[in-house]
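J.: For reference, the structure I am asking about is given below.
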Amino acid sequence: MRYQDKDYQTVWLENGRLFIIDQNQLPFEFTIIELHDIEQVYEAIKIMKVRGAPAIGAVAALGYALAIGKGEDIHRSYQLLLSSRPTAIDLQNGLDFVKQAIARQITGAGIKAAAIGAAQQFTDNIANECLLIGKYGNELIADNCRILTHCNAGALATVDYGTALAPMREAHYAGKNIFVYVDETRPRLQGMRLTAWELAQEGIDHAIIADNAAGYYMQQGKIDLVITGADRIARNGDIANKIGTYSKAVLAKENNIPFYIAAPFSTFYRQLLSGRDIPIEERPAEEVLTFNGVALSSGLSGALNPAFDITKAKYISGYITPAGIFNKKDFDKLWEMNIKVQNSGQI
Ligand code: MRU
């Protein structure tokens, strides 16, 4: 991700130290912070300084590896990080990737090196897979395409490049004229604060719309394609993603607009048969009732704040993956590919 003529990743290790871009400060401040210990990694995920399924997986893997290197309790560290957020499966996949690598070691030095090596590989895989998602997803984007996206599935949410935003970047680099409708994404405004900021950095033409406006633009024939990310993809193709994704998918079907999910292999979870069993995070009511400490309601009402919803496979036209674009017909091939990647770490 390029910012003021410098390339950044969202999450990275430098001389054995873990850094992130603090996403809670964007778009007003671009702040880099160091996470010194596993408690800080846990806190950063929980309060969403780092967020987006693949980015959570990467920071958890790196934080876990550093904790192992410092001789902290392997089981406690795993459980603490796993408990930071429940919906994105990338978190568990990142921790498991490290755990499997250390299980093969016998010496203390071997364990430390294996943990760091695996965490870095998991992180690099995500960035590389996002590049491929961009390449394949670009094929769906015609010149003058008008695309809707929800939440932030850009470089900030991954390690670099993005999932849903990767095809848009690629289309833009290929010289295609595109326009992106950015759902603001209440209550935490990841679309307005983060996606719009990323698109602005890239010079991609876009506008922020209120979440409720998407149906109107679809009905007007002004949206050609919807692409979002996912936090977990079940065996039958159901997905969990940011609250509001489901209603966009239903609206897209009603208006005959293709609706695609873009995701790296860390987001797939074949052990789960359907979306029905995906745990949905319930976040604090304050996120709905206030913004940056400013009250948005009278103070007399409570609020409910589910952070994700489930979109059934029947609403999804296809899945943009690092191995190509799949639909439900060839889903078995996708899972075979997924098993290979998760076993070898290679595409
Ligand atoms: O609560 P968030 O901001 O972590 O939710 C993020 C999303 O829902 C993204 O769409 C998803 O993680 C995919 S990111 C490539």
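The values are calculated or read from the model by the stated rules, or taken from the named source; none is laboratory data. As the structure is a prediction and not an experimental result, all values here were calculated from the model. Here the Cβ is made from the backbone with ideal geometry for all residues, glycine too, and neighbour counts use every protein chain on show.
J.: Pick from Ala249, Ala262: which is buried (at least 24 other Cβ atoms within 10 Å of the Cβ) and farther than 19 Å from Ala142 by Cα? So that I can check it myself, show each step before the final result.
T.: Working: Ala262 fails: farther than 19 Å from Ala142 by Cα.
Sole residue among the options that is buried (at least 24 other Cβ atoms within 10 Å of the Cβ) and farther than 19 Å from Ala142 by Cα: Ala249.
J.: When you look at His172, is it closer than 27 Å to Glu282 by Cβ and assigned to a helix (DSSP H, G or I), yes or no?
T.: Criteria not met by His172.
J.: Still on this structure, I have one more. So which residues in the range 171-202 are charged (D, E, K, R) and buried (at least 23 other Cβ atoms within 10 Å of the Cβ)? Walk me through it before giving the result.
T.: Just the residues of the range 171-202 that are charged (D, E, K, R), to begin with: 176, 183-184, 186, 188, 193, 198, 202.
Listed by number, the residues that qualify are Asp183, Arg188, Glu198.
J.: Hey, another quick one. Taking the condition more than 25 Å from Ala240 (Cβ to Cβ) and either crowded, with 24+ Cβ neighbours inside 10 Å or more than 16 Å from the ligand (Cβ to nearest atom) (or both), does Asp205 pass?
T.: Values: more than 25 Å from Ala240 (Cβ to Cβ): yes; either crowded, with 24+ Cβ neighbours inside 10 Å or more than 16 Å from the ligand (Cβ to nearest atom) (or both): yes.
In short, yes.
J.: From the list Arg186, Arg193, which residue is of a type in the set (Lys, Arg), assigned to a helix (DSSP H, G or I) and not assigned by TED's automatic domain parsing to the domain that holds Leu91?
T.: Arg193
Table: residues versus (1) modelled with pLDDT of 95 or more; (2) within 28 Å of Met48 (Cα to Cα).
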{"site": "Pro284", "(1), (2)": "yes, yes"}
{"site": "Asp309", "(1), (2)": "yes, yes"}
{"site": "Lys314", "(1), (2)": "yes, no"}
{"site": "Lys328", "(1), (2)": "no, no"}
{"site": "Leu334", "(1), (2)": "no, no"}
{"site": "Lys340", "(1), (2)": "no, no"}
{"site": "Asn343", "(1), (2)": "no, no"}
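J.: Any residue that is closer than 25 Å to Arg283 by Cβ and part of a helix (DSSP H, G or I) - is there at least one of those in the range 8-29?
T.: Checked against the condition, which is being closer than 25 Å to Arg283 by Cβ and part of a helix (DSSP H, G or I), the range 8-29 yields no hits at all.
J.: Going through Thr31, Thr10 one at a time, which residue ends up being among the hydroxyl-bearing types (Ser, Thr, Tyr), in contact (Cβ under 8 Å) with a residue 60 or more places away in the chain and out of contact with any Pro (no Cβ under 6 Å at 6 or more places or on another chain)?
T.: Exactly one of Thr31, Thr10 is among the hydroxyl-bearing types (Ser, Thr, Tyr), in contact (Cβ under 8 Å) with a residue 60 or more places away in the chain and out of contact with any Pro (no Cβ under 6 Å at 6 or more places or on another chain), namely Thr10.
J.: If you don't mind, another one. Quick one: which strands (runs of 3 or more DSSP E) lie wholly within the range 207-305 and hold at least 1 residues that are hydroxyl-bearing (Ser, Thr, Tyr), within 29 Å of Thr321 (Cα to Cα) and out of contact with any helix residue (DSSP H, G or I) (no Cβ under 7 Å at 6 or more places or on another chain)?
T.: Where strands (runs of 3 or more DSSP E) fall fully within the range 207-305 and carry at least 1 residues being hydroxyl-bearing (Ser, Thr, Tyr), within 29 Å of Thr321 (Cα to Cα) and out of contact with any helix residue (DSSP H, G or I) (no Cβ under 7 Å at 6 or more places or on another chain), they are 259-262.
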